[in-house]
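S.K.: There's a structure below that I have some questions on.
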């Protein structure tokens, strides 16, 4: 054994002596800093690609693309004018191939390769509502659960508020929060920072504590009711009744939340959709037949319907999305005429067509403006990922959006999109005091 050890040391020593000194002393390759945000919020992007012929930058902070210029050292770069504080996604396009920034470890991922992008965060002079602050923090928990409906094991993510494990008596309301297309069950906290937003809101006393369940959205229409809800209620101290249960979502998830929630009022009394995709307006009456046929019963059971959509996109040849096409608006108005007062098309309601919300109920709003031709939506599939979260139009100085119905900051997700939704979640849920209930 000693002879073997001696032979090993002799061999390794000979190998080290044989290595040329120049190979050992080589300095590391010069690092390329990208992105670099200056004190004036000007942003410089860089890419080391000496053999590339063409490099472009595309991102949510700009229209179209921007050419990078190649330096003598093979580093391509471009500096943009000051960028507003926010979280954005961007990509490089190198000789026609879309890719991430190799100098940036902060990457957005999802359920499809097309989702992969680099993340740019531009900070303001004060902490944003989605920043981690010196407040008590809740927990993010991951569960694998058996989906009998889909015959597979699936994953979901749960947010529990600060103090959940210390207080063994309180039962909590539950918000089922759905992600958009191409995302996954991690998107709302990894990209949307829903946990940090709710931590900050709870610390400010703006909302009451509640549990947030974020399942994988594809197939959720099939297994939410038979599998997910029973699983959550077996694992957590929930106030397991419709008065303490909400269902909301973004884009694809908003369409799922509205169609599931409004067709299952025995399970949900709070329903919301953020820039929701719901299919063609001509299918609206079929999808919500029960709601339209029995509006009085629906109004008695609904405590809140919250709908948000953008008004800054003008595109043609688009897939329809909820609330942003003339066809749907007309159908919604007809429904209002039948007494369905839980959904309101802001600025367009017919006189006398909408009853006032009962006490404790807040009417949702379909934002006006930018309505396309019948059957034409505002956001086509190619651009929907850039437009997901212009929801509620919180910044509207004209007051077209009701501050009570909209929220504190056109909130959650990233850039113009989802990064603007958790505060909507806060108002859509917290303002009506969907919070902790007593045990039993």
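S.K.: Go through (1) under 21 Å from residue 238 (Cα atoms); (2) in contact (Cβ under 8 Å) with a residue 60 or more places away in the chain and name the single condition residue 163 misses.
M.R.: (2)
S.K.: Also: Residue 144 is checked against (1) farther than 21 Å from residue 217 by Cα; (2) exposed (fewer than 11 other Cβ atoms within 10 Å of the Cβ) and fails just one. What number does that condition carry?
M.R.: With (1) farther than 21 Å from residue 217 by Cα; (2) exposed (fewer than 11 other Cβ atoms within 10 Å of the Cβ) applied to residue 144, the lone miss is (1).
S.K.: Could you name every one of the strands (runs of 3 or more DSSP E) located completely within segment 74-168 that has at least 3 residues being within 20 Å of residue 56 (Cβ to Cβ)?
M.R.: Output list reads 75-80, 86-94, 97-99, 117-122.
Residue-wise test of (1) more than 26 Å from residue 164 (Cα to Cα); (2) modelled with pLDDT of 90 or more; (3) not assigned by TED's automatic domain parsing to the domain that holds residue 295.
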| position | (1), (2), (3) |
| --- | --- |
| 224 | no, yes, no |
| 228 | no, yes, no |
| 260 | yes, yes, no |
| 277 | yes, no, no |
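Let's see how each residue does on (1) assigned to a strand (DSSP E or B); (2) assigned by TED's automatic domain parsing to the domain that holds residue 225; (3) more than 15 Å from residue 180 (Cβ to Cβ); (4) touching a helix residue (DSSP H, G or I) at 6+ places or on another chain (Cβ under 6 Å):
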site	(1), (2), (3), (4)
249	yes, yes, no, yes
253	no, yes, no, no
268	no, yes, yes, yes
292	no, yes, yes, yes
299	no, yes, yes, no
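S.K.: Which one of these does residue 31 not meet: (1) loosely packed, with under 12 Cβ neighbours inside 10 Å; (2) in the same structural domain as residue 101 (by TED's automatic domain parsing)?
M.R.: It is condition (2) that residue 31 fails.
S.K.: If you don't mind, another one. Kindly indicate whether any position in segment 47-55 is assigned to a strand (DSSP E or B) and more than 17 Å from residue 106 (Cα to Cα).
M.R.: The answer is yes; a qualifying residue exists.
S.K.: Would you check which residues across segment 50-73 are surrounded by fewer than 19 Cβ atoms within 10 Å (Cβ to Cβ) and closer than 15 Å to residue 98 by Cα and list them?
M.R.: 52, 53, 54, 56, 58, 64, 65, 66, 67, listed by residue number.
The values are calculated or read from the model by the stated rules, or taken from the named source; none is laboratory data. Values in this document were obtained by computation on a predicted structure and should not be read as measured data. Cβ: placed from backbone, ideal geometry, glycine included. Neighbour counts: every protein chain shown.
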